[in-house]
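Structure first, commentary second.
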There are 2 protein chains.
Amino acid sequence: MTSYTHETVPTQFVEANGIRYAYRRFGKPDTIPLLFLEYFNSNMDGWDPDVTNSLAAHHEVILFDNAGVGASGGKTPNMVAEMTKQFVAFCRALGLKQIHVVGFSLGGMIAQQLALEHPQLVGRLILLGTGPRGGEDMTFTELSAEEQADPVAFLLGAFFSPSEASQAAGREYMKRLESRKNDRDLPVSRDSAVAQLTAIREWGTIPATGRYATLKSITHPTLIVHGNKDIVVTPINAFILAEHLPNAQLIMYPDSSHGAFYQHRKAFLEHVRIFLSDGDSAVPDQNSIKSSVA
Amino acid sequence: MTSYTHETVPTQFVEANGIRYAYRRFGKPDTIPLLFLEYFNSNMDGWDPDVTNSLAAHHEVILFDNAGVGASGGKTPNMVAEMTKQFVAFCRALGLKQIHVVGFSLGGMIAQQLALEHPQLVGRLILLGTGPRGGEDMTFTELSAEEQADPVAFLLGAFFSPSEASQAAGREYMKRLESRKNDRDLPVSRDSAVAQLTAIREWGTIPATGRYATLKSITHPTLIVHGNKDIVVTPINAFILAEHLPNAQLIMYPDSSHGAFYQHRKAFLEHVRIFLSDGDSAVPDQNSIKSSVA
């Protein structure tokens with residue numbers, strides 16, 4: 001298994017509650033796996049191979065398509081809570097006892113819901129370009145199910161800032177997305193995209209009472225990563241998460257939009273390494289730290 | 001010079017414009033020095049020896065007292081802009097051509113003013129627990145010049161959160177502050193503290209027009225570090241800096257107040273290392289990054 005990469009790992013399937021889920025599993029065996037939960041309208045091929053391969057050096061990596069997405073069977077539900085249930089069924093079918101979750105945008109919403117409802121299944125959370133339930137400007141009026149009509153324009157416009165440096169990073173990112181040549185995932189259907197959009201809009205609706213109240217119950221060590229010019233999930237949402245989650249570290253990158261962690265992936269990969277290697281908690285154990293100078 | 005540490009480096013003096021400035025200089029020679037600008041009512045002994053010694057392994061470190069502070073002569077001015085002028089005079093007296101600035105709270109205000117007025121003198125900025133000119137809730141109504149009457153209570157209350165973990169980190173920090181036994185700095189006088197307080201309150205006053213307008217002119221690679229429960233400089237100020245500075249990365253630590261970077265110094269020192277080692281820019285050069293998997 002260790003010899004596989006993002007490019008070469010075969011797509012596998014597992015069945016749970018009558019749904020056949022597509023996934024790819026590679027990286028370092030006998031570690032707590034990193035489960036990658038993808039963004040709106042994307043499939044397993046949407047992850048940057050540089051990021052997955054780099055993380056696979058120290059962790060098992062599992063990419064998957066939730067119900068109704070890409071090569072997976074079933075129907076995409078129109079609620080984040082339902083998507084979370086299906087994700088849990090998938091984890092159980094694979095016999096996973098504990099996972100770290102890397103959730104990007106919609107994936108980060110599922111990650112939060114999972115941490116709330118199944119806290120024992122989650123080790124650590126990495127929340128990328130996402131926001132809390134009922135966050136600021138999270139009804140996504142700019143998004144539509146037709147984004148796939150011109151994915152290049154969508155990604156350069158939404159994932160990267162207008163600066164020359166960011167646009168150049170975007171073009172490199174899109175080249176890397178093509179590095180897997182065979183056994184590509186299936187496209188996301190319009191029905192699935194429509195259901196996802198309904199789900200994220202419901203998630204983003206401001207509740208009548210108790211806005212942000214559930215966040216204090218997510219006590220897992222959490223790394224929040226966001227772009228300071230994210231035009232999809234406005235950056236204040238990352239700040240709100242960092243304010244309300246009891247054990248979350250926030251990192252915000254400059255001159256970057258929804259794909260900030262791809263644009264700044266060199267720093268991002270180092271930041272993730274530090275976060276994941278930090279023993280049992282994001283709060284360093286003061287007793288274990290020795291002065292660096294005798 | 002390399003054999004000196006925070007604990008053993010002798011205090012030196014240099015004169016500029018009739019003022020005799022106290023400073024301590026140690027660490028790796030022939031590097032761009034890290035200039036440490038201290039917080040309200042503190043002197044060279046206020047820096048955590050673990051932080052300064054760790055950074056001194058790869059950079060020259062210069063601690064100093066601005067005019068009227070601690071062992072330095074002269075009178076503390078009551079404007080950040082005046083403090084900045086004196087700091088520049090000190091740098092010129094030492095013949096420094098370029099510096100990285102580590103500014104904590106008041107020190108971070110001077111760092112911003114310096115970057116605006118003398119951009120060529122500054123390589124990189126590290127802004128700790130500080131905020132922009134005219135930031136949110138930055139008139140510091142809780143602070144007084146009498147804080148030194150009970151420094152233990154002040155530091156545990158303002159630098160660390162009420163949690164047990166944070167308070168324990170605070171006690172360890174205060175123990176480390178005592179590791180330098182000889183040639184301690186002189187206390188900050190009441191007159192100096194009063195002038196500093198006037199200066200930070202003036203800095204924090206919201207201007208009639210153009211709030212945050214100058215931040216776009218500070219193009220230096222910048223690392224902003226803040227505690228998510230900072231009760232001295234409210235955390236939204238760090239977010240505002242990250243929003244408006246063109247090339248700033250924000251890191252916010254959990255369960256921590258004004259001394260967040262001391263509480264989380266293991267992660268902080270790694271984050272600073274990554275930031276300072278990142279070539280010419282906080283934005284990674286995309287062309288220099290190779291896929292981690294061939």
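Quick rundown of the values:
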item: Qualifying positions in segment A:180-203 - in contact with a Phe, Trp or Tyr (Cβ under 8 Å, 6 or more places away or on another chain) and crowded, with 21+ Cβ neighbours inside 10 Å; result: A:Ala193, A:Gln196, A:Ile200
item: Qualifying residue in segment A:83-91 (condition: surrounded by fewer than 22 Cβ atoms within 10 Å (Cβ to Cβ) and touching a Lys or Arg at 6+ places or on another chain (Cβ under 7 Å)); result: no
item: A:Thr219 being over 22 Å from A:Glu142 (Cβ atoms), at pLDDT 95 or above and more than 9 Å from chain B (Cβ to nearest Cβ); result: yes
item: Test: A:Gly134 is in contact with a helix residue (DSSP H, G or I) (Cβ under 9 Å, 6 or more places away or on another chain) and within 14 Å of chain B (Cβ to nearest Cβ); result: no
item: Within segment B:1-85, strands (runs of 3 or more DSSP E) holding 2 or more residues that are more than 14 Å from chain A (Cβ to nearest Cβ) and of a type outside the set (A, V, I, L, M); result: B:12-16, B:19-27, B:60-64
item: Criterion: more than 19 Å from A:Leu106 (Cβ to Cβ), modelled with pLDDT of 95 or more and touching a Ser or Thr at 6+ places or on another chain (Cβ under 8 Å) - qualifying residue of A:His258, A:His264; result: A:His264
item: Qualifying residues in segment A:173-206 (those that are over 20 Å from the mean Cα position of the chain (by Cα) and of a type in the set (Asp, Glu)) - the one nearest to the other protein chains (Cβ to nearest Cβ); result: A:Asp183
item: Condition met for A:Val152 (among the β-branched types (Val, Ile, Thr) and either within 18 Å of the chain's Cα centre (by Cα) or within 14 Å of another protein chain (Cβ to nearest Cβ) (or both)); result: no
item: B:Thr139, sole failed condition from (1) away from chain A (no Cβ under 14 Å); (2) modelled with pLDDT of 95 or more; (3) in a loop (DSSP other than H, G, I, E, B); result: (2)
item: Selected residue (criterion: surrounded by the fewest Cβ atoms within 10 Å (Cβ to Cβ)) from residues of segment A:267-294 that are at pLDDT below 50, more than 7 Å from chain B (Cβ to nearest Cβ) and assigned to a loop (DSSP other than H, G, I, E, B); result: A:Ala294
item: A:Lys216 without any contact (Cβ under 8 Å) to a residue 60 or more places away in the chain and under 29 Å from A:Asn78 (Cβ atoms); result: yes
item: Among (1) of a type in the set (Gly, Ala, Ser); (2) within 7 Å of chain A (Cβ to nearest Cβ); (3) touching a residue at least 60 places away in the same chain (Cβ under 8 Å), the one test that B:Ala260 misses; result: (2)
item: Within segment B:12-33, tally of residues that are in contact with a helix residue (DSSP H, G or I) (Cβ under 8 Å, 6 or more places away or on another chain) and within 19 Å of B:Val51 (Cβ to Cβ); result: 5
item: Residue within segment B:149-156 that is in contact with an Asp or Glu (Cβ under 8 Å, 6 or more places away or on another chain) and at pLDDT below 95 present; result: yes
item: Test: A:Thr214 is over 27 Å from A:His100 (Cβ atoms) and more than 14 Å from every other protein chain (Cβ to nearest Cβ); result: no
item: Criterion violated by B:Leu156 - all others in (1) of a type outside the set (S, T, N, Q); (2) touching a Lys or Arg at 6+ places or on another chain (Cβ under 8 Å); (3) closer than 30 Å to A:Pro235 by Cβ; (4) buried (at least 16 other Cβ atoms within 10 Å of the Cβ) satisfied; result: (3)
item: Some residue of segment B:69-80 being more than 18 Å from the chain's Cα centre (by Cα) and basic (Lys, Arg); result: yes
item: Check on B:Thr130, assigned to a helix (DSSP H, G or I), β-branched (Val, Ile, Thr) and either buried (at least 24 other Cβ atoms within 10 Å of the Cβ) or on the phi < 0 side of the Ramachandran plot (or both); result: no
item: Scope segment A:102-112; condition under 16 Å from A:Trp203 (Cβ atoms) and hydrophobic (A, V, I, L, M, F, W, C); matching residues; result: A:Phe104, A:Leu106, A:Met109, A:Ile110, A:Ala111
item: Test: residue in segment B:49-60 that is crowded, with 22+ Cβ neighbours inside 10 Å, in contact with a strand residue (DSSP E or B) (Cβ under 6 Å, 6 or more places away or on another chain), among the small types (Gly, Ala, Ser) and farther than 24 Å from B:Val232 by Cβ; result: yes
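Okay, residues lined up against (1) touching a strand residue (DSSP E or B) at 6+ places or on another chain (Cβ under 7 Å); (2) buried (at least 16 other Cβ atoms within 10 Å of the Cβ); (3) in a loop (DSSP other than H, G, I, E, B); (4) not aliphatic (A, V, I, L, M):
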residue	(1), (2), (3), (4)
B:Ala208	no, no, yes, no
B:Thr214	no, yes, no, yes
B:Val225	yes, yes, no, no
B:Asp230	no, yes, yes, yes
B:Ala238	yes, yes, no, no
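The values are calculated or read from the model by the stated rules, or taken from the named source; none is laboratory data. Computed from a predicted structure; not experimentally measured. Reconstructed Cβ throughout: ideal geometry from the backbone, glycine too, with neighbour counts over all protein chains shown.
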